[in-house]
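Below: one structure, written as structure tokens.
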Amino acid sequence: MNKWMNNFFQLDKYETTLKREVMAGLIGYFAIVYIIAVNSLILSEAGIPLEAAILATIFISFAGCFLMGFWANMPILLVPGMGVNALFSYTMVQSMGLSWPEALAVVLVSGLIFVFIAFSRFAKTLSESIPQSLKEAITVGLGLFLMLIGLEKGGIVEKGTNSIVALGDLGNPAVLATVLTFLIAIILFIRNVPGNFLITVVAGTLIAWAFGLLDAQSNNTSQLSIREYMDVFGSMSFDRLFSITFWIAVFSLTMVLVFENVGLVHGHTNFINRPDGFSRAFQATSVSAMLSGLFGTSPTVATVESSASMAAGGRTGMTAITTGFLFLLSIFFIPVIKLIPSSAIAPILIIIGGLMLQNIRNLDLKDLSESFPAFLIIALIPFTYSIADGMAAGFILYPILKVGIGRAREVSFTLYIIASLFLVNFVVHVIG
């Protein structure tokens with residue numbers, strides 16, 4: 001068995017061992033396992049039953065990591081992504097009015113388009129046509145959006161009259177629990193304590209219990225309902241397939257998936273000096289994102305936490321497979337996961353959002369034709385509570401500014417097409 005693994009995963013070639021790969025996968029699991037609780041709670045706000053959302057997150061994480069391990073032989077972890085799950089629940093369902101089965105259909109169609117791009121030359125063409133400033137702006141805008149969601153879920157801020165965000169009731173026990181949990185989370189994170197997010201979830205749940213915020217009986221944790229999950233699995237609805245809203249959602253999600261994963265996969269392959277692995281890793285990422293709609297969750301991405309596995313020595317797909325197997329074992333801990341309160345999750349959203357904000361340092365602030373469209377994306381994603389509208393504004397403004405200052409040649413033909421599509425998106429969705 002060891003010889004087969006060595007040959008299949010090429011352990012000797014990448015100067016690693018089976019033990020090191022397994023340990024790296026274990027570390028990666030503890031770095032990312034918080035996603036089970038976080039993603040399922042966000043999905044539940046779209047109307048997906050919580051327990052079904054937990055199972056969907058576990059199963060697609062298992063499938064995604066196995067795909068990456070066996071197809072690409074890369075130590076990249078594929079789990080439901082932060083940011084795209086917010087797009088799923090808060091934009092497509094709550095803002096655009098799609099039902100969660102219709103939103104799952106959007107995920108499937110977007111995933112199919114992603115697969116077509118990943119298995120063709122379009123991946124390189126599309127990536128090269130989008131200015132780096134706009135790519136960075138999407139990441140920063142998503143970061144601000146996640147911070148806002150985290151602050152709202154924790155009760156630290158709340159929507160007041162006319163949707164104006166105001167400071168919440170800091171004397172509320174739930175808010176105090178969030179603040180205390182956040183202090184623990186940020187200290188653990190800055191000190192780079194292994195498994196810091198997992199420790200945060202445990203500590204936050206204990207703090208909520210101490211404040212009397214947990215009700216174990218109401219969570220009905222006594223049994224695991226596969227039947228409830230089967231009502232979600234494969235339940236995509238194509239009733240609105242021919243509506244403009246459906247295709248606006250498809251376009252927006254596809255843009256986010258493609259550009260976010262281009263950056264993530266490039267970063268991971270470069271981190272371990274395996275740029276030759278980009279193509280297959282990107283393909284595995286696209287197939288996993290497509291399968292997410294079938295499994296009943298928002299799309300998977302090449303998660304940032306993959307770097308934890310790589311830093312621990314992970315160099316091959318055995319790392320991802322180990323993490324995927326551990327995700328499957330998580331099914332036995334669902335009763336505990338269901339007890340986790342929002343006050344234990346909100347600080348993680350705030351911190352992840354803050355990490356994404358760091359990309360703003362990559363913007364060229366001296367060239368306003370580059371930075372101002374980026375600023376518009378960054379501001380409008382959280383202010384409009386819509387990733388699609390924020391992206392539309394920035395992508396439309398960019399070529400307009402370049403043409404206006406006589407630098408039209410700096411804009412690729414592909415970007416002019418994308419900007420035109422975003423203009424249709426903006427006109428129909430926002431004005432119409």
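Structure above, values below:
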| item | result |
| --- | --- |
| Unique residue being part of a helix (DSSP H, G or I), open to solvent by 40 Å² or more (accessible area, probe 1.4 Å) and in contact with a Phe, Trp or Tyr (Cβ under 7 Å, 6 or more places away or on another chain) when the list is 30, 59 | 59 |
| Scope region 393-409; condition free of Cβ contacts under 8 Å to residues at least 24 places away in the same chain, at negative phi and not aliphatic (A, V, I, L, M); matching residues | 399, 404, 409 |
| Within region 242-278, considering residues that are hydrophobic (A, V, I, L, M, F, W, C) and not in a helix (DSSP H, G or I), the one farthest from residue 317 (Cα to Cα) | 242 |
| Pair list, Cβ < 8 Å and 6+ apart or interchain, from region 272-283 residues that are farther than 18 Å from residue 79 by Cα and without any contact (Cβ under 8 Å) to a residue 12 or more places away in the chain to residues that are basic (Lys, Arg) and open to solvent by less than 10 Å² (accessible area, probe 1.4 Å) | none |
| Scope region 12-27; condition among the charged types (D, E, K, R), assigned to a helix (DSSP H, G or I) and open to solvent by 40 Å² or more (accessible area, probe 1.4 Å); matching residues | 19, 20 |
| Of all residues making up region 260-290, the number that are under 19 Å from residue 43 (Cα atoms) and either more than 15 Å from the chain's Cα centre (by Cα) or of a type in the set (Ser, Thr, Tyr) (or both) | 1 |
| Qualifying residue in region 145-156 (condition: open to solvent by 20 Å² or more (accessible area, probe 1.4 Å), within 30 Å of residue 277 (Cβ to Cβ) and touching a helix residue (DSSP H, G or I) at 6+ places or on another chain (Cβ under 8 Å)) | no |
| Cβ-Cβ under 6 Å pairs, at least 6 apart or on other chains, region 67-91 side touching a residue at least 12 places away in the same chain (Cβ under 8 Å), far side assigned to a strand (DSSP E or B) and buried (at least 24 other Cβ atoms within 10 Å of the Cβ) | 68/78; 76/302; 78/300; 79/300; 80/300; 81/301 |
| Selection from region 133-160 of residues that are among the small types (Gly, Ala, Ser) and within 13 Å of residue 394 (Cα to Cα) | 133, 137, 141 |
| Residues of region 336-359 satisfying the condition of being open to solvent by 20 Å² or more (accessible area, probe 1.4 Å), touching a Ser or Thr at 6+ places or on another chain (Cβ under 6 Å), assigned to a helix (DSSP H, G or I) and aliphatic (A, V, I, L, M) | 356 |
| Every residue from region 67-117 that is under 22 Å from residue 318 (Cβ atoms), of a type in the set (A, V, I, L, M) and assigned to a loop (DSSP other than H, G, I, E, B) | 74, 76, 77 |
| Residue check, residue 50 within 20 Å of residue 201 (Cα to Cα), within 14 Å of the chain's Cα centre (by Cα), open to solvent by 10 Å² or more (accessible area, probe 1.4 Å) and of a type outside the set (Phe, Trp, Tyr) | no |
| Residue in region 223-241 that is surrounded by the most Cβ atoms within 10 Å (Cβ to Cβ), counting only those that are assigned to a helix (DSSP H, G or I) and in contact (Cβ under 8 Å) with a residue 40 or more places away in the chain | 229 |
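The values are calculated or read from the model by the stated rules, or taken from the named source; none is laboratory data. Just so you know, these numbers come straight off a predicted model, no measurement behind them. Heads up, the Cβs are rebuilt from the backbone with ideal geometry, glycines too, and the neighbour counts pull from every protein chain shown. We work out accessible area using only protein heavy atoms, side chains counted, and drop any ligands, DNA or RNA first. Shrake-Rupley method; radii C 1.70, N 1.55, O 1.52, S 1.80 Å.
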